[in-house]
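Notes follow the structure.
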Amino acid sequence: MEAMNPAQASRTVTVANRAGLHARAALLLANCVREFQAKVELVMDRQRVDALDMLQVLSLGANQGQSITLEASGLEAEAVLDALERLFAARFHEDEAEGEDH
């Protein structure tokens, strides 16, 4: 019996937080992806990286205002993209994190 082709989906998001895709944002992104049965890649300027690999995500050097294409495949491809869109829209909770600094 052949395996079914996994669902595939993609979305384009804009980096809205001032710090861009820094280490904390890359960790939040990877943690979000781990909650779903899906593989996610980020594509920017013809560079493609695995969303679970923080060093690869950081290598994109994505700054505020830049667009990134999120490509997902797997059983929960649409669901993971929904969650990632919310994370990008919330600016990786950057404002909340700044409030934690004393």
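Multiplying the residue separation of Ser10 and Gln37 by 0.36 nm and subtracting their alpha-carbon distance yields 8.2 nm. For the pair the range 64-90 / the range 19-56, the C-alpha centres are spaced 9 Å from each other.
Relative contact order, whole percent, for the chain stands at 40, derived from Cα pairs under 8 Å and 6 or more residues apart. Cα-Cα pairs above 17 Å in the chain: how many percent? Considering the chain, 49 percent of its Cα-Cα pairs are separated by more than 17 Å.
Where a number appears in this text, it was derived from the coordinates with a stated rule and is not lab data. All figures in this text were calculated on a predicted structure; none of them were measured in a lab.
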